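J.: Okay, handing you the structure first.
None of the figures in this text is laboratory data; all of them are computed from the coordinates on show. This is a predicted model, so every value here is computed, not measured. In this analysis, Cβ positions are derived from the backbone assuming ideal geometry, glycine residues included, and neighbour counts consider all displayed protein chains.
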Amino acid sequence: MTWGKSLIGGAIAAAMLAAAPAQAADKARITGLSDVNFGLIAFTGDQSISQSVCAYSDSSTKGYSVVATGSGSGGAFELSGAVPLPYDVLWADSAGQTGGSALIAGTASSGFTSTASQQFCNSGPPASASLTIVIRAATVGSAGAGSYSGTLQLMIAPE
């Protein structure tokens, strides 16, 4: 007998050029995002999926901020399904990470630095940041069986 729930979260969606209160010539770009599919989720522990992406900033400090907005009510990080299923979003400014700074929906998190030397990471390091999506075990217990989906929009701005 298998215990679990089918929770399919197609989460990662948008990459944008950002305009922020930085110099007009400063640019930031995020590329290399892919959809996230958790498949069947068991009741045993937190479930997470991480991916390395290219986060580029051409500001003099290579600094950038990240704003994440989910498709839940008011931009919350929630998957829609039988009941809303919350998830956490973590960001690290280095590739290959499985954790990072917890992002708050709709709020800029600053202080990140890019190691990308080119805006698509075509030369230099192939990725410069990590995105991790976590579905906490405590929230899975209250979710009904079925498919869940949502969208996560990420925007970076030079600092």
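J.: What does the net charge come to around Ser60 if you take all other residues with beta carbon closer than 13 Å to its beta carbon, with K and R at +1 and D and E at -1?
T.: -1
J.: Okay, moving on. Return the distance in nm (one decimal) between the two label points of a simple spin-label model at Thr113 and Ser34, each offset 7 Å from Cα along Cα→Cβ.
T.: It works out to 2.9 nm between the two label points.
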